Amino acid sequence: MPKEAEQMDFSKEKQNVIYLAGGCFWGLEHLMQSIPGVINAQSGYANGTCKADADYKTVCAGSTGFRETVRVEYDSEKVSLDALLLAYFYVIDPTVQNRQGNDVGSQYQTGIYYTNEAARETVQRIYDLEKSRRTKFFVECGPLLNFYPAEEYHQDYLQKNPGGYCHIPREEIELFSKLRIDPGDYRKPAAESIREKLTAEQYRVTQENETERPFQNELWNKFEKGIYVDVVTGEPLFSSTDKFESGCGWPAFSKPIEAPAVIERQDDSHGMRRTEVRSRAGDSHLGHVFEEDPDSPNGVRYCINSAALRFIPFEKMEAEGYGYLLFLFD
């Protein structure tokens, strides 16, 4: 930063507010507005020089240190900060610096800025989780120093201009408007608790990325009505409605219940190039996903270790807190 950032007093800021820089603020603002439980999203400029420099033309010159940032106010009874942060990481590319999509410049640097201790703890937990998934990681993380709302024509830009530019795919924005699973309800336990909770095989699979034996695991040929959840956190991952018979010897699913509930990343281990699948909130190793599977109804096979899953029968879903997903079987 060419000059020291001007600092503002945020001591009176609401508790349920987070500031997110994710490239062009038009798209991120629209994404956040689409998420049920978000009260308001406002585009602006954060952590730059001073109020006098907080205008679009000056910020685009690249010498102010300002990031295009969205102030997100949310109802914590309807959506968790975990959910908002994990949605944010789902749509940004955290492996690049000073750019997102086709937009290049310091104003497009990604970052998460908080104004209170409770938010700081959640932000740091999710930040560390997401950073651990990647070898390159350039997302800023720290307290909010200043924030100035952007010009009026930037506010609700994509509502005013439905065909306007957006670096976030429209289908991802639509996806997050319909999600029901909140990862904040399924937080990853402390490391010692995980070890105590799991069997030796469950621990090796989920925490040490091992693979159980095919045809010699609990769920590979089970087709009872119900859902499959992360054995570590309980987060719902797959449904029996998407399970199919496969010759692989492990549970096979054509898709997860909700796409963001699983994380995919490249796996070059054992001399192969595969796509690993991990759980969103718990970061448990689940298995791998393959394309062009002849047995799958859509050609996709999520090949998942039984040891990474816990099966909840349909009849017990309500009692175990999963009644909100009974609609999957309508």
query = Quick one: is Ile181 among the aliphatic types (A, V, I, L, M) and in a loop (DSSP other than H, G, I, E, B)?
reply = yes
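Kindly establish whether Tyr88 is of a type in the set (Phe, Trp, Tyr), in contact with a Phe, Trp or Tyr (Cβ under 6 Å, 6 or more places away or on another chain) and touching a residue at least 40 places away in the same chain (Cβ under 8 Å). Spell out how you get there, then give the answer.
Numbers: of a type in the set (Phe, Trp, Tyr): yes; in contact with a Phe, Trp or Tyr (Cβ under 6 Å, 6 or more places away or on another chain): no; touching a residue at least 40 places away in the same chain (Cβ under 8 Å): yes.
So Tyr88 does not fit the description; no.
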query = Got a number for residues in segment 5-28 being in contact (Cβ under 8 Å) with a residue 12 or more places away in the chain, surrounded by fewer than 23 Cβ atoms within 10 Å (Cβ to Cβ) and not small (Gly, Ala, Ser)?
reply = 10
task = Can you confirm whether segment 58-71 contains a residue that is of a type outside the set (S, T, N, Q), farther than 30 Å from Ala261 by Cβ, assigned by TED's automatic domain parsing to the domain that holds Val139 and part of a strand (DSSP E or B)?
result = no
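Sort out which residues of segment 107-142 are more than 17 Å from Tyr19 (Cα to Cα) and in a helix (DSSP H, G or I), and write them in order of number.
Initially, segment 107-142 is screened for residues more than 17 Å from Tyr19 (Cα to Cα), giving 128-137.
If the condition is that a residue be more than 17 Å from Tyr19 (Cα to Cα) and in a helix (DSSP H, G or I), then Asp128, Leu129, Glu130, Lys131, Ser132 are the ones that fit.
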ask   = How about segment 146-171: which of its residues are assigned to a helix (DSSP H, G or I), of a type in the set (Asp, Glu) and under 30 Å from Glu6 (Cα atoms)?
value = Glu152
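Could you say which residue among Thr110, Thr95 is under 15 Å from Thr69 (Cβ atoms) and in the same structural domain as His30 (by TED's automatic domain parsing)? Before the answer, list the steps.
Numbers: Thr95 fails: under 15 Å from Thr69 (Cβ atoms).
Answer to the check: Thr110.
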query = Any chance segment 288-304 includes a residue that's on the phi < 0 side of the Ramachandran plot, under 20 Å from the mean Cα position of the chain (by Cα) and loosely packed, with under 15 Cβ neighbours inside 10 Å?
reply = no
message = Suppose we filter Leu31, Leu84 for residues that are over 15 Å from Leu144 (Cβ atoms), in contact with an Asp or Glu (Cβ under 8 Å, 6 or more places away or on another chain), of a type outside the set (Gly, Ala, Ser) and buried (at least 20 other Cβ atoms within 10 Å of the Cβ); which single one remains?
response = Leu31
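Please determine, by comparing only the residues of segment 218-265 that are of a type in the set (D, E, K, R), within 15 Å of the chain's Cα centre (by Cα) and in a strand (DSSP E or B), which one is nearest to Asp185 (Cα to Cα). Quick ask: steps written out before the conclusion?
Filtering segment 218-265 for residues of a type in the set (D, E, K, R) gives 218, 222, 224-225, 230, 235, 242-243, 245, 255, 258, 264-265.
If we keep only those that are within 15 Å of the chain's Cα centre (by Cα) as well, we get 235, 258, 264-265.
Remaining after also requiring in a strand (DSSP E or B): 264-265.
Values: Glu264: 21, Arg265: 24 Å.
The selected residue is Glu264.
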query = Taking Asn146 and the conditions (1) crowded, with 20+ Cβ neighbours inside 10 Å; (2) on the phi > 0 side of the Ramachandran plot, which numbered condition does it fall short on, given that it satisfies the others?
reply = (2)
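The values are calculated or read from the model by the stated rules, or taken from the named source; none is laboratory data. Predicted model only: the values in this text are computed from it and were never measured. Counting neighbours? That spans all protein chains shown, and the Cβs are built from the backbone with ideal geometry, glycine included.
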